[in-house]
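In what follows, a structure is listed as structure tokens, so that the remarks can point back to it.
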Ligand code: 5GP
């Protein structure tokens, strides 16, 4: 079991509706030493990739992406969520449906901060159905930039996002893949990832 899986078992809380709450260390209160370990691990898993920018999505991706970025020594761009339809032509836009909030948002990135010269590592906290990721991927594609890899902290392996993204040929690395959870017992089961 890796450092993150151990932490999930210790501090994660399983909620009804297949929701894993990790707000004591990941997406509300943030354990920066843990984030640093994640950065080190992503650096190892994406060794040799030519990455010059990290892209994430507000809000919970930002803190993680910033600490990961220290290990790659590159800037972070975060996609902003916006309900406004009054978007000028200077933005890349994608529509994303939120798994947790069940609503739709436009996510936007300024054309100034993503160009065809960029080689991007996408970072996000959770991968469930893959909507958030597909939005970020479409923004990178619209910019003519290259997705070098995708780093996820917790993938919910029993939802379809991971399979869809891997089938599209992307190099996706998830630090923990949850295969199942039971809110009545609080148990969480992980997918074996070899010696990763
Ligand atoms: P997707 O777009 O892949 O369906 O969902 C990804 C987004 O939904 C993540 O950015 C995350 O904010 C949220 N999310 C999905 N499942 C969970 C969960 O079990 N727990 C928490 N805390 N967030 C989740």
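The values are calculated or read from the model by the stated rules, or taken from the named source; none is laboratory data. As the structure is a prediction and not an experimental result, all values here were calculated from the model. Glycine gets a Cβ as well: all are built from the backbone with ideal geometry, and neighbour counts include every protein chain shown.
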(request) Would you please name the residue that is nearest to residue 72 (Cα to Cα), looking only at residues in region 3-22 that are in contact with a helix residue (DSSP H, G or I) (Cβ under 9 Å, 6 or more places away or on another chain) and free of Cβ contacts under 8 Å to residues at least 60 places away in the same chain? (result) 3
(request) Hey, can you tell me all the residues within region 106-130 that are farther than 20 Å from residue 70 by Cβ and part of a strand (DSSP E or B)? (result) 106, 107, 108, 109, 110, 126, 127
(request) Can you work out which of the residues in region 41-51 that are out of contact with any strand residue (DSSP E or B) (no Cβ under 7 Å at 6 or more places or on another chain) and exposed (fewer than 14 other Cβ atoms within 10 Å of the Cβ) is farthest from residue 65 (Cα to Cα)? (result) 48
(request) Could you list, in sequence order, all residues of region 18-31 that are within 8 Å of the ligand (Cβ to nearest atom), in a loop (DSSP other than H, G, I, E, B) and within 19 Å of residue 59 (Cβ to Cβ)? (result) 22, 23, 26, 27
(request) Tell me, please, whether a residue that is more than 16 Å from residue 119 (Cα to Cα) and within 11 Å of the ligand (Cβ to nearest atom) can be found in region 90-97. (result) yes
(request) Report yes if some residue within region 10-17 is in a loop (DSSP other than H, G, I, E, B), at pLDDT 95 or above, within 16 Å of the ligand (Cβ to nearest atom) and closer than 15 Å to residue 153 by Cβ; otherwise report no. (result) yes
(request) Please indicate, with yes or no, whether at least one residue in region 165-172 is within 16 Å of the ligand (Cβ to nearest atom), at pLDDT 95 or above and farther than 21 Å from residue 51 by Cα. (result) yes
(message) Can you pull out every residue in region 131-147 that is assigned to a loop (DSSP other than H, G, I, E, B) and within 22 Å of residue 164 (Cβ to Cβ)?
(response) 143, 145
(request) Say whether the condition of being within 14 Å of the ligand (Cβ to nearest atom) and touching a residue at least 60 places away in the same chain (Cβ under 8 Å) is met by at least one residue in region 101-121. (result) no
(message) Exactly one of these conditions fails for residue 193: (1) away from the ligand (no atom under 14 Å from the Cβ); (2) in a loop (DSSP other than H, G, I, E, B); (3) closer than 25 Å to residue 80 by Cβ; (4) at pLDDT below 95. Give me its number.
(response) (3)
(request) For region 122-136, enumerate the residues that are more than 8 Å from the ligand (Cβ to nearest atom) and either in contact with a helix residue (DSSP H, G or I) (Cβ under 8 Å, 6 or more places away or on another chain) or within 18 Å of residue 21 (Cα to Cα) (or both). (result) 122, 123
(message) Among the numbered criteria (1) within 16 Å of the ligand (Cβ to nearest atom); (2) within 28 Å of residue 106 (Cα to Cα); (3) touching a residue at least 12 places away in the same chain (Cβ under 8 Å), which one does residue 34 miss?
(response) (2)
